[in-house]
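These notes are about the structure you will find just below.
Rule-based calculations on the coordinates, nothing more; no lab input. What you see is a predicted model, and the numbers here were worked out from it, not measured in a lab.
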Amino acid sequence: MLNSTISRTPAQIVALKRSSAKGKATKERKEKEYWKAFHKNRIAAEKLAKIARTAARAEERILSKKPEPLRRKYRINPGISFKGNGVRAVPIESIAQGIELIRTRINSLVSRSPNLDNLHNLYKDTGYSLFDFRKSIARKFYSGMTWENKKRSDLNWAVDHIIGVKFLADNGIIAMHITNCLENLTPLLSKQNSVKGDFIFKDDLIKFRETVLLPNGIDLKTGWEKDPRIVNHPYWLD
């Protein structure tokens with residue numbers, strides 16, 4: 001072994017040192033690349049975790065935020081109650097104000113970026129989330145409707161109450177979780193909505209009564225079948 005080392009030429013010794021230095025440099029480079037990738041992945045993981053924590057806190061605020069204490073009675077007269085099935089009571093001074101509040105809630109949900117208070121009010125008033133609302137409406141899209149083209153001039157549409165809010169109010173029904181339930185909301189072209197007005201398709205009303213009103217212990221007033229707003233054909237969809 002000693003003779004082999006002594007017998008090496010100066011050129012061989014220089015080549016050996018260069019090879020050793022090159023191997024060491026390669027090892028250091030690979031270590032730097034490894035730690036660089038490690039820190040990069042760690043930073044990305046921390047960012048994702050931060051986003052998840054922010055989303056969790058937002059959801060917690062929506063679901064756990066306590067409503068303001070009730071300071072007044074929420075009843076227009078003994079025949080109309082605004083609280084039912086565990087859904088919070090909404091302060092309403094008159095039927096007209098109640099109708100306007102119901103429509104305002106729906107319009108705020110259709111906006112692209114509803115705030116946390118709107119989401120909280122939606123959940124407390126109706127029992128469903130913004131995701132449930134948009135998913136239900138999207139299932140009923142027709143004629144090329146999308147959330148992005150809602151205000152397009154050639155395809156202007158809005159969320160409409162299948163059973164009109166005024167009709168329900170005239171029958172003593174103004175509870176938010178009934179009037180704004182997903183079964184009573186549908187997208188409708190604005191030109192069709194203007195033709196529809198306050199009219200109601202009789203089959204839709206019968207279905208709504210059997211699937212929503214009666215299971216909640218609510219019914220229409222006697223003689224509702226003779227209401228002139230009820231029609232036998234939805235001519236606005238023709």
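For this structure, a couple of remarks:
- In sequence order, calculated HN-Hα J values of region 202-215 (Karplus, 6.51, -1.76, 1.60; Hz; x Gly/Pro): 4, 4, 5, 5, 5, 5, 5, 5, 6, 9, 10, 5, 4, x
- Around the amide H of D160, modelled in the peptide plane, lie the amide H atoms of T186, L188, all under 5 Å away and 5 or more residues distant in sequence or on another chain.
- Using the empirical formula 2.2 N^0.38 Å as the baseline, the Cα radius of gyration of region 122-238 reaches a ratio of 1.09.
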